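Working notes for the structure below.
The values are calculated or read from the model by the stated rules, or taken from the named source; none is laboratory data. Please read all numbers here as calculations on a predicted model, not as lab measurements. For neighbour counting, all protein chains shown are included, and Cβ atoms are generated from backbone atoms with ideal geometry for every residue, glycine included.
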Amino acid sequence: MAAGPSPEMRPGQKISSGMTTRWRLIPLMLLLALLATPVWAQPSAETSPSAPLVIQALRIRGNRTLSTRELFREMVTPRPHFLRWKPPPVFQPEVLAEDVARLKEVYRRAGFYHTEITTDIAEQLDAVQITLHIQEGPRIRISHLEVSVVAAPQVQAALRDFVKHGPLAKGECFTEKGFDALKKEIVGYLMDRGYPKARVEGEVLIDPEENTAAVYVQVWPGPFARFGPIRVQGQQATPEALIRRALRVHTGEPFSLAKIIATQERLYEMDLFRSVNVTPEEVPAEQTDIPVVVGVTERKPRSLKLGAGYGSWDQFRARAVLRYRNLGGGGRVLELGAKYSRLDTRLEGSFLNPMLFGSQVDLVVNGGFLRRFYPSFSDRAFYSRALLEKEIAERTKVYVGHGLEFARPFGITDLALQILRETESGKLYTVNMLLWGLTRDTVDNPADPQKGGQFYLLGEYAPDVISPQAQFVQSTVEVRRYQNLGAKNVVLAGRVKFGLIPPIQGTEQVPIFRRFFAGGPGSMRAYRLYYLGPRDPAGNPLGGESLFLTNLELRFPLYGEFRGVTFVDAGNVFYKLKNTDLGQIKYGAGFGLRYQTPIGPIGLELAWPLNPIDRKNDVYQVIFNIGHSF
């Protein structure tokens, strides 16, 4: 083979062998091979896992009957947090599809059988905006409602009026919730009237073309029954007679589930038991006398409670209560307590001896030392009360007794002493009183009442025969009422209070420490503490011999445990009974925010006077407190 032309030689150039040249080309070949690697061998942006879509907005449109909040509660798909710096939730289409089906079921239970829900999903980059458009459609109405009773015509007549005002009625909208409530209420109605084995069944025939429902309910009352023998067990130190006195179930009376529940509540109110169970025993179907077992477990004999708080008026406050239960047996209770705040300091004790000498009368003794601070005076006092108390009807008590008080007012201004001539600063007053009263309490929950009421009629009589230093008659009437307005935690609360303390016999003026004062939390929230009523020329309150006070407030839920309140207060204090003039009533209004806790609400309220006493100083009041105002 002929060789090709050789390259031109240069002076001094070294000719390398062929093997050496090939080794020098290896790095170049590797570089070319790397650059020529197929595209599919490199990671591709198109085939890598993409970031999940997040929910930027979730809206519901078109709903009229059911609230947006109610619909959101039924959904699993989360909404974006209102705090924008929190990470948005991940969008899951399958969960959203389940939510749509769930919302249709919610509407069906509410009586809408033609509801249509369309989903609009707008995708922007890595986020979606979801809008659910709801067309509720026509609602099912009740065309026929029939409640029939099997083998008990007397029950049929009793149920007729009850069903007429029940949760379902002819011509109204049909809901599954109302249908279930009707059956439940019929069972409860019968169980409270002697039919513990009542059974209720029903069916609903829906005509989706006419949008009507025919409701049929059948009732099997079962045999009429009465309470049989009642057995009490589990008590150790508490006398059985004391437990039986609290019972609302009695042998021979018609069976009543409501009385069983009332018995449990009354036994818990005694504060002697940790647990209470009132259980009807199982009996054969033909037996009409149902025995009842009342099982109790006693609480620890001693307990200590410590508490602290802050209020805008009394500022820091603290309290300690030591309680002894079944002291010496017999259900006796001894309580020792101490309280401190800017407005008053107290050391108090109370003793309860139920069923005194085996009777139905209770002995209640309380007393202690207190020091109070008012804008125009302060005082120190020792007091005692000994009362004989008896329950004359369910949740209604009367009492009579004796009161003794040693009080020393001080710090009274000279201007006030010129007006209250029978009050002396630094003088020790001794007051002996005869006491009487009537109380009734039917509220369902003392810490957060939803319904029920309270009534107080209190009297004190201090004649010169037993009280030579001050003679008066004090009467106070207070009525409180709580009414639920049909929705959970929507309550209208009202209070009216009227008090009189006219001097009698040799007393022309009631001493300042026994006079009425009003203003501040618990009375007139828009006015300064204790500043309502007559005042001396320097503006210091003097108190009065008559008091009128009324409060009205609406409590309603906001979000979770937060609740709102709006209120109107009216009242005043009058110098003498003859000066009582309702035309001089002061008014205040306000609103507030409360957070519900197990021991009651914590609240912040703003109140302002509508016809202020002093336009310069009475502008508004900010109230921070624990518990309802009344």
TODO: Mind listing whichever residues of segment 236-292 are among the basic types (Lys, Arg) and not in a loop (DSSP other than H, G, I, E, B)?
DONE: Arg244, Arg245, Lys259, Arg266, Arg274
- [ ] Please indicate, with yes or no, whether at least one residue in segment 579-595 is among the aliphatic types (A, V, I, L, M), touching a residue at least 24 places away in the same chain (Cβ under 8 Å) and within 26 Å of Lys451 (Cβ to Cβ).
- [x] yes
Task: Residues of segment 59-90 that turn out to be in contact with a helix residue (DSSP H, G or I) (Cβ under 8 Å, 6 or more places away or on another chain) and either part of a strand (DSSP E or B) or exposed (fewer than 12 other Cβ atoms within 10 Å of the Cβ) (or both), as a count - done: 2
TODO: Return the pairs, sorted by first residue and then second, in which the second residue is surrounded by 15 or more Cβ atoms within 10 Å (Cβ to Cβ) and part of a loop (DSSP other than H, G, I, E, B), the first residue lies in segment 435-452 and is outside the structural domain of Ile501 (by TED's automatic domain parsing), the beta carbons are less than 9 Å apart, and the residues are 6+ apart or on different chains.
DONE: none
TODO: List every residue pair whose Cβ atoms sit under 8 Å apart, with the two residues 6 or more apart in sequence or on different chains, where the first one lies in segment 389-402 and is under 14 Å from Thr442 (Cα atoms) and at pLDDT 95 or above and the second, anywhere, is in a strand (DSSP E or B) and hydroxyl-bearing (Ser, Thr, Tyr).
DONE: Thr396/Thr439; Lys397/Thr439
Task: Odd one out for Gly358, checked against (1) surrounded by fewer than 16 Cβ atoms within 10 Å (Cβ to Cβ); (2) of a type in the set (Gly, Ala, Ser); (3) modelled with pLDDT of 95 or more; (4) not assigned by TED's automatic domain parsing to the domain that holds Gly533 - done: (3)
Task: Residue check for Arg109: touching a residue at least 60 places away in the same chain (Cβ under 8 Å) and either farther than 30 Å from Pro223 by Cα or not assigned by TED's automatic domain parsing to the domain that holds Arg199 (or both) - done: yes
Open item on the list: Can you tell me which of (1) without any contact (Cβ under 8 Å) to a residue 60 or more places away in the chain; (2) within 24 Å of Asp441 (Cβ to Cβ) is the one Ala241 doesn't meet?
Closed with: (1)
Task: Whichever residue in segment 354-399 is out of contact with any Asp or Glu (no Cβ under 7 Å at 6 or more places or on another chain) and part of a helix (DSSP H, G or I) and, among such residues, is nearest to Leu434 (Cα to Cα) - done: Phe357
Task: Residue count for segment 333-343, restricted to those that are assigned to a loop (DSSP other than H, G, I, E, B) and either surrounded by fewer than 18 Cβ atoms within 10 Å (Cβ to Cβ) or in contact with a helix residue (DSSP H, G or I) (Cβ under 9 Å, 6 or more places away or on another chain) (or both) - done: 2
- [ ] Just give me the residues in segment 252-269 being touching a helix residue (DSSP H, G or I) at 6+ places or on another chain (Cβ under 9 Å) and small (Gly, Ala, Ser), in sequence order.
- [x] Ser256, Ala258
- [ ] Among the residues of segment 124-144, write down those that are of a type in the set (S, T, N, Q) and over 40 Å from the mean Cα position of the chain (by Cα).
- [x] Gln124
Open item on the list: Restricting to segment 250-268, and then to whatever is of a type in the set (D, E, K, R) and over 22 Å from the mean Cα position of the chain (by Cα), can you tell me which residue is farthest from Val294 (Cα to Cα)?
Closed with: Glu253
- [ ] Scan (1) part of a strand (DSSP E or B); (2) within 20 Å of Glu105 (Cα to Cα); (3) of a type in the set (D, E, K, R) for the single condition Lys177 breaks and write down its number.
- [x] (1)
- [ ] Could you run through segment 322-332 and say how many residues are farther than 17 Å from Arg245 by Cα and surrounded by 16 or more Cβ atoms within 10 Å (Cβ to Cβ)?
- [x] 3
TODO: Out of the residues in segment 527-555 that are more than 30 Å from Asp464 (Cβ to Cβ), hydrophobic (A, V, I, L, M, F, W, C) and at pLDDT below 95, state the one that is nearest to the chain's Cα centre (by Cα).
DONE: Leu529
Open item on the list: Being farther than 30 Å from Gly62 by Cβ, part of a loop (DSSP other than H, G, I, E, B) and free of Cβ contacts under 8 Å to residues at least 60 places away in the same chain is true for just one of Gly137, Gly202, Gly171, Gly166. Which residue is that?
Closed with: Gly166
Task: Tally, over segment 145-162, of residues that are surrounded by 12 or more Cβ atoms within 10 Å (Cβ to Cβ) and either basic (Lys, Arg) or more than 36 Å from the chain's Cα centre (by Cα) (or both) - done: 8
Open item on the list: With the requirement that a residue be more than 12 Å from Glu460 (Cα to Cα) and either surrounded by fewer than 18 Cβ atoms within 10 Å (Cβ to Cβ) or of a type in the set (A, V, I, L, M, F, W, C) (or both), what does segment 495-506 give you?
Closed with: Val496, Phe498, Ile504, Gln505, Gly506
